[in-house]
Amino acid sequence: MEKSLGWNGKSLKKILEESEQLFEESGQYYALAKLSLKEEDPFRFERNYASLRGALVSARETALHVAASPIVKEIGELCFALYTPEGDSIVVSTGILVHVHTMSEAIKFMIREDYEEDPGINNGDIFLNNDPACGNVHTTDVQTLIPIFWEGKLVGWAGGVTHQIDTGGITPGHDLVPAMQRFDDGVYYTCRKIGSNDRIWKDHLISARRSVRTPMYWELDEKCRLAGNLMIRDAVLEFIEREGLDYYKQFIREAIEEGRLVFQERVKERLIPGKYRAAAFMDMPQKEEAWQPRARMDKISNQPLEIIIKKDGKMSLSFDGASGPGPNCMNADKGAMEGGQWVLLTQILIYADKVNDGAYFAVEKEYPLGSWCNPGDIYLSYQAPWGNLIPAYTGMMKCISYGLFSRGYREEVVSGYPFTGDAIQGGGIYSDGPLMGQRWSLSTFEISGQGFGASAIRDGLNWGYAMWNPESDLGDVETWELFQGGVPYLSRRVKPNLSGHGKYRGGANYEGVGMVANSRDVDFFGAREGLVFHGAGGMHGGYPNATGYRLYAKNTNMEEIIKNRSTYPLGDPDPTNGEFEQLLKGDITRKPYCSIYPITLDNYDLFYYFLSGGPGYGDPLEREIGHIKQDLDDGFYTKNIVKNVYGVIAKYSEIKKEWEIDKIATKERKEDLKKERREKSMTFEEYWEKEKKKIIENKLSEPVKLMFTESLNLSNNWAKEFKKFWKLPEGFKMEVK
Ligand code: MN
């Protein structure tokens, strides 16, 4: 019997090398000059693709209900994929499409590390991975991979991934703000074999139970991923039984090459060749709050993006000039960068046809070594790379949107998207009742319902978008309360003034108040943007959406309020005249940024949170007055904001119970605003002089100087262009404290 697992007596390593070489030489997947199966019998080809796709979708739907944690069940934070023997994805399920390519890297890691020899790859084996250095996004995304065999040869891999509530990191939760090194990120499984003969080993289950704070959900999700994978394996074996092995071998390669061609055609059709650029940023104010001395710094990430579209539909993408990694949880590795890119490209360019690694092969990318998007140091924390990649890829959406706009696809334009940060996180222990002594985890996935960016023809979707999951869903309060039982909701309602302004406004969103109850040892924290607008939101005169802030109250009189049935705060519609301050006795804290290190909370303490609005499109002065009346009636904007930004004067009619616009006063106000713009605005040259003076005189803020210094040191090209643009003197050096 041949020892090698691959076809024709080749090892998997050999097969992978050959595949890479064929692509390198020909530019086509497996050097396929034509799709012969598809040409010979397109119906058979499409039927077979649809059967696999259907099998994956139903594996996902079934596994979800077989056994899964609420976070997976409620909003579907899982995805399945089928891979070639060398680890390229052929077909994916619906769901969190971030993971089309992530598990591909894990399979390739196992092949390159020669798992075929040791620990061995056998029919019925089960592998587990959550290591971002092997293609994963962060430790909370946990992947189960199984090999698929036909007559002793490996014919593919099935993979499933779910997002966990807790993976045993430095604090409870899933996007861990205080993590700054690998050892803070939680339990790491680096492509580990955890089972054989379709069964997960007991020693793994025992150790996993002790490695995370929510072992029941961990175990349910392991069963969910394995169940889905086994269904996919059955579908592949049926496919081969039906169509024959030779057809299958050719089919999987043609499906990927077709994915590549489809992507290229779509780019040709939708975008104009050329160079597109965007500037995006993300800040992490940690100087005041960080526990670790080295983490006490305020940092801003530079996320410059350049996309080049060629005439033949080839696309390349580069983050050259990105600043460095940091002592924070937001460092990203290649898997995270690929994941973020993927889930967005499937939404904006490859949403209608074959979604697989063909598109991965169609895009060239550069993540500069030593930067936040490829630090080259596995011992840093990679717990929440989303912190950097969410803002960074707003640049990609804008670049693509400029192309779409230019080609006339105006409804497809996306002026950016919101920061899907974690509104609230943490956890505690039940102090009473049937669950006494058990841990609950606060990781609401309401964050998958954010306000979307406006397009060039309409307002952004309200509370209905997450860049990482095209099937966004807020979920039910009752479900979230099931597993974050220590913090019942006191309210959920619309919050005004979150939407980015514009002719078309960004999507609106809502706020909530939670109260700690029946618990002890409660940690609470949150990760979202700091003081700087995240990303590159807002387009053609539209504004970015509002930044976030934190509000919580300790040592409150809520016990008394509940006993007396008196009024308590339901939100914070007007922070200058807060309901918390008006209705509560206690220690009330407001912070002007969202990313906070954990604090401890006790029973009857309150916290407030709100989700993100979307960025806007076009000049707000051009917004239709009828739409602004509706915004006021819906509570999306307040009177002062529509006066200051849109130039609309409105009054609430107590009789009609709606807002009325004063047309004459509005006309005057708009004229005033236009006059003010003419007086206050400056030419590009004036602006350039003003900013240049700040650089030369060393007057930029410290985090900005640190950011630019890192970029200048990491990229010669970027440094050259920066110095040329600002006409800086020979030998210029930025002084950082
Ligand atoms: Mn995740």
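The values are calculated or read from the model by the stated rules, or taken from the named source; none is laboratory data. Fair warning: this is a prediction, and the values are worked out from it, not measured in the lab. We place every Cβ from the backbone using ideal geometry, glycine too, and count neighbours over all the protein chains shown. The protein model used for the area step is the full one, side chains on, heavy atoms only, and it has no ligands, DNA or RNA in it. Shrake-Rupley method; radii C 1.70, N 1.55, O 1.52, S 1.80 Å.
The table for this structure:
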{"quantity": "Over the stretch 618-737: Rg over Rh, Cα atoms, Kirkwood Rh", "calculated": "1.24"}
{"quantity": "Percent accessible area from carbon and sulfur atoms, the chain, protein chains only, probe 1.4 Å", "calculated": "51"}
{"quantity": "Which of S711, S681 is most accessible, then next, and so on - probe 1.4 Å", "calculated": "S681, S711"}
{"quantity": "Nearest-10 value in Å² for the accessible area of W386, using the 1.4 Å probe", "calculated": "30"}
{"quantity": "Whole-number accessible area per residue in Å² for the stretch 200-260, which is evaluated in the context of all protein chains at 1.4 Å", "calculated": "42"}
{"quantity": "Using alpha-carbon coordinates, inclination of helix 684-696 to the longest axis of the chain, degrees", "calculated": "80"}
{"quantity": "³J(HN,Hα) computed for each position of the stretch 462-477 - Karplus, 6.51 cos²θ - 1.76 cosθ + 1.60, integer Hz, glycine/proline x", "calculated": "7, 5, x, 9, 9, 5, 9, 8, x, 9, 5, 7, 5, x, 8, 3"}
{"quantity": "Net charge over other residues, Cβ less than 12 angstrom from the Cβ of K13 (K, R count +1; D, E count -1)", "calculated": "-4"}
{"quantity": "Charge dipole (the chain, unit charges on Cβ, about Cα centre) - positive-most of G486, G186, I599", "calculated": "I599"}
{"quantity": "Debye equation applied to the C-alpha atoms of the chain, log10 I(q)/I(0) at 0.04, 0.07, 0.10, 0.12 Å⁻¹", "calculated": "-0.16, -0.51, -1.04, -1.43"}
{"quantity": "Å² of accessible area per residue within the stretch 329-397, as computed with a 1.4 Å probe and no ligands counted", "calculated": "22"}
{"quantity": "Nearest-0.05 FRET efficiency for V66 and L245, computed from C-beta distance (R0 35 Å)", "calculated": "0.70"}
{"quantity": "Distance in nm between pseudo-label sites at K670 and E721 (7 Å out along the Cβ direction from Cα)", "calculated": "3.9"}
{"quantity": "I308-Q347 pseudo-label distance in nm [points 7 Å out on the Cα-to-Cβ vector]", "calculated": "2.8"}
{"quantity": "K34 accessible area, assembled protein chains, probe 1.4 Å, Å²", "calculated": "120"}
{"quantity": "Percentage, to the nearest whole number, of Cα pairs in the stretch 414-623 over 32 Å apart", "calculated": "19"}
{"quantity": "Label-point separation in nm, K657 to K3, each point 7 Å along Cα→Cβ", "calculated": "8.1"}
{"quantity": "DSSP-loop chymotrypsin sites (Phe, Trp or Tyr not before Pro) across the stretch 214-294, with at most 16 other Cβ within 10 angstrom", "calculated": "W291"}
{"quantity": "C-alpha center-to-center spacing [the stretch 342-390, the stretch 146-218] in angstrom", "calculated": "22"}
{"quantity": "On Cα atoms only, tilt of 42-66 relative to the major axis of the chain in degrees", "calculated": "60"}
{"quantity": "Size of the stretch 357-506 as Cα extents on the principal axes (Å, biggest first)", "calculated": "61, 43, 28"}
{"quantity": "Translational D in µm²/s for the stretch 624-680 (Stokes-Einstein at 37 °C, 0.692 mPa s, Kirkwood Rh from C-alpha pairs)", "calculated": "283"}
{"quantity": "The stretch 410-426-the stretch 547-611 distance, computed between alpha-carbon centres (Å)", "calculated": "25"}
{"quantity": "J(HN,Hα) series, the stretch 375-384, from Karplus relation 6.51 cos²θ - 1.76 cosθ + 1.60, nearest Hz, glycine and proline x", "calculated": "x, x, 9, 6, 8, 6, 7, 10, 6, 9"}
{"quantity": "0 to 90° range, to nearest 10: angle between helix 102-112 axis and the chain longest Cα axis", "calculated": "40"}
{"quantity": "For the chain, calculated [θ]222 nm from helices alone, where every DSSP H run of n ≥ 4 adds -39500 (n - 2.57)", "calculated": "-11000 deg cm²/dmol"}
{"quantity": "Order by protection proxy (mean Cβ within 10 Å, highest first), peptides 40-50, 410-420", "calculated": "410-420, 40-50"}
{"quantity": "The stretch 126-232, relative contact order [Cα under 8 Å, separation at least 6], %", "calculated": "30"}
{"quantity": "Equivalent ellipsoid, the stretch 134-236 (semi-axes from 5 times Cα gyration tensor eigenvalues, Å)", "calculated": "27, 14, 12"}
{"quantity": "Extension gain (nm, one decimal) between R294 and M682, 0.36 nm per residue minus Cα-Cα", "calculated": "135.6 nm"}
{"quantity": "FRET efficiency, 1/(1 + (r/R0)^6) with R0 30 Å, evaluated for E18 and E46 via beta carbons", "calculated": "0.60"}
{"quantity": "Gyration tensor (alpha-carbon) shape descriptor, the stretch 405-448, a/c threshold 1.5", "calculated": "prolate"}
{"quantity": "Test item: Cα-centred dipole of the stretch 483-619, Lys/Arg +1 and Asp/Glu -1 on Cβ, debye", "calculated": "300"}
{"quantity": "Three-way shape label, the stretch 26-139, alpha-carbon gyration tensor, a/c 1.5", "calculated": "oblate"}
{"quantity": "Charge dipole (the chain, unit charges on Cβ, about Cα centre) - positive-most of W440, T589, I232", "calculated": "T589"}
